[in-house]
Amino acid sequence: MEEKAYWVGLNLVKGIGAVRFKQLKDFFGSAQAAWEAPPMGWLSAGISQKVVNQFLMVRQQVDLERVMEKASANGVEILTWQDAEYPRRLKEIDQSPPVLFVKGSISVEDDWAVAVVGTRRVTPYGRQVADELGCFLAQNGITVVSGLARGVDAIAHQSALQAGGRTFAVLGNGVDVIYPPEHRKLASEISRQGALISDYPLGTQPDGVNFPPRNRIISGLSLATVVVEAGEKSGALITAEFAVEQGRDVFAVPGSILAAQSQGTNQLIEQGARPLLRMSEILEALKLEQIPEKQQARKLAPMTGDEKKLLTHLSSEPVHIDQLCEMTGLPITDVSATLTMMELKGFVSQVGGMNYVAMREVKSIYKVN
């Protein structure tokens, strides 16, 4: 049985999150070794007796082969920290989920993603903003991330799909369980034009306690979070809090001081969130204005050998074009032409004086050391 199955098994144990998972993996060397270890081994690893008892119950009751077969039969891909396909931006956050269940697809272009969240009791104003925002982001090559909930979430998903864009729905239940049930058709469309994502095992039913924790995944997948409308105790505010903790940008749509649905967003602005006054401000703030052109350039002209060679010598520290010629052994004409194409693709940026830096996400996406 493959190692991934044991990751899934440990993920089934109540009380094992990212911290304890890493603790076990570091202690035993692999998920399989942890799964097969005796109770005393777990206690030696620093795991409490209560969690050990949960583990023993799961190990006795669960057939991992059947769990993996169920995932395959449902068209669900399982991603772990060890998989290259695991979303890079999500992996950057503290305590990223060790296991993700994905129904649909995650691609390189989804590295450009923005979360759009808000109240279920959306006003006509909020509905219009969510609709225009989802459409605007999709048209600019940005994946829309939300939670499939009623109200703002569903509107943002739908408008992104209608604009021909990609969208992720992060669930507080298994990806084989759709909640709310009236969003089954929407969920099916999302899985064809993006992905349903959850860190909860297949078959997990919706539960109120599941939804706040999943919000860290919504913000973790995204460059920024936009809160369209939110009451004072809205779950969307939890997503914004996670975004701040993760070092991501937070935008809030200002609203009437008399509207309950705008109390949360106005409060976010008061606390330092950026007021969203024009849709284009998101692109400007995140430097995403040319994403469609960059995506098209990448599709038409995949990364070449010379581009990879240059990237190995580039980082966030500026390097002069003459130094790149010396380090790569390539003639100046080739280096200059290659750098021009790499700028068009969004791989590098010139920071003045013929000095270049690699764009932050590119080296990890293309696995260039």
Rounded to 0.05, the calculated FRET efficiency for the beta carbons of Glu281 and Gln95 at R₀ = 22 Å is 0.10
Note on the range 1-144: contact order normalised by length, alpha-carbon pairs under 8 Å, 6 or more apart, percent, works out to 23 percent
Loop-resident GluC sites (Glu not before Pro) in the range 61-147 with no more than 15 other Cβ atoms inside 10 Å, DSSP not H/G/I/E/B, are Glu85, Glu92
Magnitude of the Cβ-charge dipole (Lys and Arg +1, Asp and Glu -1) of the chain about the Cα centre, nearest 20 debye, reported as 780 debye
Contour minus Cα-Cα span, Thr304 to Glu326, at 0.36 nm per residue, comes to 6.0 nm
Between the modelled labels at Gln205 and Asp26 (7 Å from Cα along Cα→Cβ) the distance in nm is 3.8 nm
Taking the dipole of the chain about the Cα centre (Lys, Arg +1; Asp, Glu -1; charges at Cβ), the one of Pro302, Val357, Gly75 that reaches farthest to the positive side is Gly75
Site Asp83, offset 7 angstrom along Cα→Cβ, radius 17 Å on amide nitrogen, limited to the range 22-53, gives 31-32
The farthest towards the positive end of the charge dipole of the range 153-242, of the residues Ala224, Ser188, His157, given +1 on Cβ of Lys and Arg and -1 on Cβ of Asp and Glu, is Ser188
Rounded to whole angstroms and listed largest first, the alpha-carbon spread of the chain along its three principal axes comes to 65, 58, 37
Cα-Cα longer than 22 Å, checked against Lys103/Lys345; Lys14/Lys70; Lys25/Lys103, kept in input order, equals Lys103/Lys345; Lys25/Lys103
Dividing the mean separation of Cα pairs under 8 Å (6+ apart) by the residue count of the chain yields a relative contact order in percent of 12 percent
Magnitude of the Cβ-charge dipole (Lys and Arg +1, Asp and Glu -1) of the range 221-354 about the Cα centre, nearest 20 debye, reported as 340 debye
With the convex hull built on the alpha-carbon atoms of the range 55-109, volume per residue in Å³ sits at 94 Å³
A chain fully extended from Ser256 to Arg274 at 0.36 nm per residue, minus the present Cα-Cα distance, gains in nm 4.8 nm
With DSSP loop assignment and no more than 15 other C-beta atoms within 10 Å, the trypsin sites (Lys or Arg not before Pro) in the range 92-139 are Arg121
Percent antiparallel among DSSP beta bridges confined to the chain, rounded to 5, stands at 40 percent
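A short reminder: the numbers here are calculations on the coordinates, not readings from a lab. Computed from a predicted model, the values in this text were never measured in an experiment. We place every Cβ from the backbone using ideal geometry, glycine too, and count neighbours over all the protein chains shown.
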